[in-house]
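Below: the structure, in structure tokens.
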Amino acid sequence: MNTRLSQLLQDWALRDWGTRDEDFLDHAAIQYLGRIAFDDYEPAQFERFDERLDRWLHNLDNEDDQQTLFLLLNYLFFIGRPEFDSLYRAAYNGNFLRWLIDQLDVDLIDPQSLRALEKGAATTWFCPISDSMRINSFLKANGLAGHSHRPDWRSLRKFADPDKVLRYVEDNHIQRITLLEDFVGSGTQIHSAITFAASISNDIPFLVVPLVVCPDGDKVGLDFAQRHANISYEAVLKISPDALIKPDASANEPQLFQAVRDLIPRVQEKLRNPAPDRESQRYHGYKGTGAVVALYSNCPNNSLPIIHDETAHWQPLFPRIGRP
């Protein structure tokens, strides 16, 4: 382990921090989490987690502030490769198959029901909503061949002609479409993709499945499903509002969340300068989502910028690869 970090954790372990209503992770826990999960973070895969953690804590000189950052690890929701494999299978065997059974009105007692579901899956077009959703991994995890073209619908909305998309659907005998996304925060991306999907045809059934969704994004999906008869929506895993650190405190939140909320204004000048019209919420993630989430493939911009922002004055724990 990094020497400076090791010394710091040893020092904290020997002291009684009675004012902190939290458990401190020790050396062994940090090394274990780094080895089985955090070291696999793709945007920083050539650097050990403990090196990033050391620099992240030492962005600050005040020991109480350092501890606030460190204790935030207790609430970090890190989704690694094995977890994504489980989410892929849950999305197919749970969300999708339930919807397909309803779509086809399959009687599960019928000996031919399995064959009917296999045919239904073969005539379903599985596509990602954005390019961050690894559709090929989803198909492989579920033993599906899929269709030869699997475009992300965020790009389709920008470049495609709806009539040509509909022609592809008809020419390939596609009877239904399932759109998947790895993580949905505010719901902005799925809003534009589902809007485009709704414009293709009122006769094509759509299922929208986020693997992980925050409350704001979940509301966007549910609202679409209520307004469009051919669009169904169901998330695999919903993040509880209690797990978010939004600009305003919520009832029954952990004591640490207020400490993080108090810390943010003191460090915001070290982070990227936000657009003026979003300044009040920028430091709690895109549109103030307040997520404390990192995926092994990237850190969502809905997560707190103190986790992922990288500037001349701030070293991130999970550096984010953003879009231009």
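Data table
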| quantity | calculated |
| --- | --- |
| Options 105, 65, 110, 61; residue that is at positive phi and either among the polar types (S, T, N, Q) or out of contact with any Cys (no Cβ under 8 Å at 6 or more places or on another chain) (or both) | 105 |
| Enumeration of residues in the range 130-178 that are without any contact (Cβ under 8 Å) to a residue 12 or more places away in the chain and of a type in the set (D, E, K, R) | 140, 158, 161, 163, 164, 167, 170, 171 |
| Residue within the range 152-174 that is assigned to a helix (DSSP H, G or I), under 20 Å from the mean Cα position of the chain (by Cα) and farther than 20 Å from residue 199 by Cβ present | no |
| Cross-chain or 6+ apart pairs with Cβ under 6 Å, the range 1-12 first and of a type in the set (Lys, Arg), then surrounded by 15 or more Cβ atoms within 10 Å (Cβ to Cβ) | 4/54 |
| Residue pairs meeting the criteria (Cβ under 9 Å; at least 6 apart or on separate chains; first at positive phi, in the range 70-96; second modelled with pLDDT of 95 or more and among the polar types (S, T, N, Q)) | none |
| Any helices (runs of 4 or more DSSP H) falling wholly within the range 39-140 and containing at least 1 residues that are open to solvent by 10 Å² or more (accessible area, probe 1.4 Å) and more than 28 Å from residue 23 (Cα to Cα) | 81-90, 97-104, 113-122 |
| Complete set of residues in the range 190-220 that are in a helix (DSSP H, G or I) and aliphatic (A, V, I, L, M) | 190, 193, 194, 197, 198, 200, 220 |
| Long-range neighbours under 6 Å by Cβ, at least six apart or interchain, first residue open to solvent by 10 Å² or more (accessible area, probe 1.4 Å) within the range 179-202, second at pLDDT 90 or above and of a type in the set (Asp, Glu) | 186/216 |
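Okay, residues lined up against (1) polar (S, T, N, Q); (2) at pLDDT 95 or above:
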| residue | (1), (2) |
| --- | --- |
| 176 | no, yes |
| 193 | no, no |
| 201 | yes, no |
| 206 | no, yes |
| 232 | yes, yes |
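The values are calculated or read from the model by the stated rules, or taken from the named source; none is laboratory data. The structure presented is a predicted model; accordingly, all values stated were derived computationally and were not measured. For neighbour counting, all protein chains shown are included, and Cβ atoms are generated from backbone atoms with ideal geometry for every residue, glycine included. The area values use the complete protein model at the heavy-atom level, side chains included, leaving out ligands, DNA and RNA. Shrake-Rupley method; radii C 1.70, N 1.55, O 1.52, S 1.80 Å.
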